[in-house]
Amino acid sequence: VSSRSSERARLRADGADPPVLAGDTFGTTTNGDTMTRVGSTERRVRRYWIFGIAALASVFAALIFATAALAWFQTQDLYWSGGTRAPGQGAGSLYDHQGCWYAYGSSAGWQVPGTMTVALINANGNWVRSKQESDGGVVVFVDPNTFAGATAYDKKAHCVNSGSTTLTPSCARGYWAPSPGEGCA
Amino acid sequence: MTMRRVVLLTVVLAALAAAVGAGVASSRADDPRAAVPTPNRQSAAASQTPAPELPAHAALIASTRQSVGTFKTKKGDQVELIAGDLAPDFDLLTTVLEDAKVTTQQACVLDRGNGYAGLSCAAKPLFKRSLVLYSTTAAGGPATTEYTEYYISGLVHPKVARIEAVTSAGGTVAADLSGKGAFFLELGREQLAQGVIVTNLRLYGANGALLEDRSLK
C-alpha cells in the first residue's frame with residue numbers, strides 16, 4: 001500500500017493527471033460492472049498463464065497427431081502372381097513380424113476351371129484355418145476382423161492348387177501394417 | 001489480453017504444432033528406410049489409404065447382402081451364411097481377381113463362425129456354370145488326418161431340393177438346407193481321424209432326379 005501511495009505521489013509531483021494505478025477502480029461499464037486497472041505484474045502473471053495454457057494445448061495437439069500417425073491400417077500384398085502352379089503346388093507369404101506386420105487374411109483368385117485352397121498357417125506349420133473353392137475366388141480371414149485378432153498368434157498366408165489342372169493363380173496376404181512411413185514399431 | 005486472444009493464440013499454436021507434426025509424418029513416409037518391408041509392395045502401394053477395421057460383412061455390397069442360413073457345427077458353434085455381391089473395396093479379394101484378370105462381377109457367400117470368416121465367389125450370374133456355389137472349410141491340417149473340423153457350405157439354385165455329399169470312404173452325408181438355398185454339411189470326428197474328405201456333391205431336384213454331380217477337385 002505504501003509503495004502505491006508513493007508512486008501516486010510521484011506521479012502527482014510530475015504534474016500528471018490523477019493517476020490510475022493497478023488495482024484502482026476508475027469507472028463502471030454500461031452493464032454496471034466495475035472497471036479495475038490491471039497492473040503490470042498482474043498482466044505478466046496473466047501472460048504467463050496464457051502462454052502456459054497455449055503451450056499445453058500445443059503439446060496436446062502434437063500428441064494427438066503423433067498418436068494418429070502411429071495407427072495401424074489394413075492392406076494387402078500379392079505374394080504369388082503370374083506364375084503357374086501345378087496340382088499340389090503351393091506358395092506362401094512371409095510370416096508375421098512382430099511390430100512390423102500381422103496377417104489377418106489369405107486370398108486367391110484364378111480363371112476357372114480349377115480349385116484353390118487358401119490358408120492361415122501358424123508358426124508351427126499347422127493350418128489353423130483353410131478354405132477350398134472351385135469358382136475362381138476364395139478368402140479366409142480372422143473374424144472379428146480386428147487388429148487384436150490379427151496379432152493373436154504368428155501366422156502366414158498360404159495358397160495351394162488343390163485341383164487337378166495347372167493354374168495361374170494370384171494369391172495375396174491381407175495384413176496390418178504401421179501407417180505409411182512409420183516403419184516397424 | 002482478452003479471452004478471445006487467448007483462444008486465438010491457442011488455436012494458432014495448436015495448428016502450428018499439427019502442421020509440424022504433419023511435416024514430420026510426411027518426411028517419414030518419404031524415408032525408404034521407414035517403409036514396411038514386404039515381399040511385394042505392388043498392391044500395398046496402391047492401397048496406402050488408412051483403413052478402419054472392416055466388419056466381415058463389409059466384404060459384400062450392403063444392398064445385396066442377405067442372411068440365407070444359420071447352422072450349428074458338431075462342436076456347437078454357429079455358422080452364418082450371408083449371400084451378396086462382392087464389395088469393390090474389399091481389396092483382399094478384388095486385388096487377386098484383378099491380377100488374375102477375372103473381370104466379371106462376383107456373387108459370393110460369406111460364412112462366419114468360430115473366429116474366422118470365409119468368402120467364396122463365382123462369376124455373375126450365379127449358377128450359370130453350376131447349380132452350387134460351395135466352399136470347404138477346415139481347421140487343422142494340412143494332412144487330412146490332422147483336420148479337427150471340416151465342413152462344406154454354400155448356396156444352391158432354387159430348384160435343388162436335396163444335397164448329398166459323397167466321401168472318399170464311399171459313404172454319403174446329407175446336407176442341411178435352409179429355405180433360402182443355403183446348405184451345410186460336416187464330417188464327424190471319426191471320419192476326420194481316418195482322413196476322410198468329401199469328393200463330390202450331388203444335387204437333387206424336388207422329384208428326386210439328380211440335377212448335378214459336382215466333383216470338388
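The values are calculated or read from the model by the stated rules, or taken from the named source; none is laboratory data. Predicted model only: the values in this text are computed from it and were never measured. Please note: Cβ atoms are built from the backbone with ideal geometry, for glycine as well, and neighbour counts cover all protein chains shown. We work out accessible area using only protein heavy atoms, side chains counted, and drop any ligands, DNA or RNA first. Shrake-Rupley method; radii C 1.70, N 1.55, O 1.52, S 1.80 Å.
Matching residues to (1) among the β-branched types (Val, Ile, Thr); (2) more than 9 Å from every other protein chain (Cβ to nearest Cβ); (3) surrounded by fewer than 24 Cβ atoms within 10 Å (Cβ to Cβ):
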| position | (1), (2), (3) |
| --- | --- |
| B:Ala122 | no, no, no |
| B:Ser130 | no, no, yes |
| B:Ala138 | no, no, no |
| B:His157 | no, yes, yes |
| B:Glu164 | no, yes, yes |
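Specify which of the listed residues (B:Leu155, B:Leu126, B:Leu192) is touching a residue at least 12 places away in the same chain (Cβ under 8 Å) and in a helix (DSSP H, G or I). Only one candidate qualifies: B:Leu192.
Selection of the range B:101-120 for residues being open to solvent by less than 10 Å² (accessible area, probe 1.4 Å) and within 7 Å of chain A (Cβ to nearest Cβ) yields B:Ala117, B:Gly118, B:Leu119, B:Ser120. Just to be sure before I move on: is A:Pro113 farther than 26 Å from B:Ile197 by Cα, open to solvent by 10 Å² or more (accessible area, probe 1.4 Å), within 10 Å of another protein chain (Cβ to nearest Cβ) and out of contact with any strand residue (DSSP E or B) (no Cβ under 7 Å at 6 or more places or on another chain) in the structure I sent? Considered against the rule, which asks whether it is farther than 26 Å from B:Ile197 by Cα, open to solvent by 10 Å² or more (accessible area, probe 1.4 Å), within 10 Å of another protein chain (Cβ to nearest Cβ) and out of contact with any strand residue (DSSP E or B) (no Cβ under 7 Å at 6 or more places or on another chain), A:Pro113 comes out as no. Which ones in the range A:127-185 are buried (at least 24 other Cβ atoms within 10 Å of the Cβ) and at positive phi? Hit for the range A:127-185 is A:Gly136, nothing else.
Residues of the range B:188-217 that are among the polar types (S, T, N, Q) and more than 18 Å from B:Thr145 (Cα to Cα): B:Asn200, B:Asn207, B:Ser215.
Return yes when B:Ile197 is among the β-branched types (Val, Ile, Thr) and in contact with a Lys or Arg (Cβ under 8 Å, 6 or more places away or on another chain) and no when it is not. Considered against the rule, which asks whether it is among the β-branched types (Val, Ile, Thr) and in contact with a Lys or Arg (Cβ under 8 Å, 6 or more places away or on another chain), B:Ile197 comes out as no. Evaluated against (1) crowded, with 21+ Cβ neighbours inside 10 Å; (2) part of a strand (DSSP E or B), B:Thr70 falls short on exactly one condition, (1). For the range A:75-99, give me each residue that is within 7 Å of another protein chain (Cβ to nearest Cβ), surrounded by fewer than 24 Cβ atoms within 10 Å (Cβ to Cβ) and in contact with a Gly (Cβ under 8 Å, 6 or more places away or on another chain). A:Tyr79 - this is the single residue of the range A:75-99 that is within 7 Å of another protein chain (Cβ to nearest Cβ), surrounded by fewer than 24 Cβ atoms within 10 Å (Cβ to Cβ) and in contact with a Gly (Cβ under 8 Å, 6 or more places away or on another chain).
The lone criterion from (1) at pLDDT 95 or above; (2) more than 7 Å from chain B (Cβ to nearest Cβ) left unmet by A:Ala148 is number (1).
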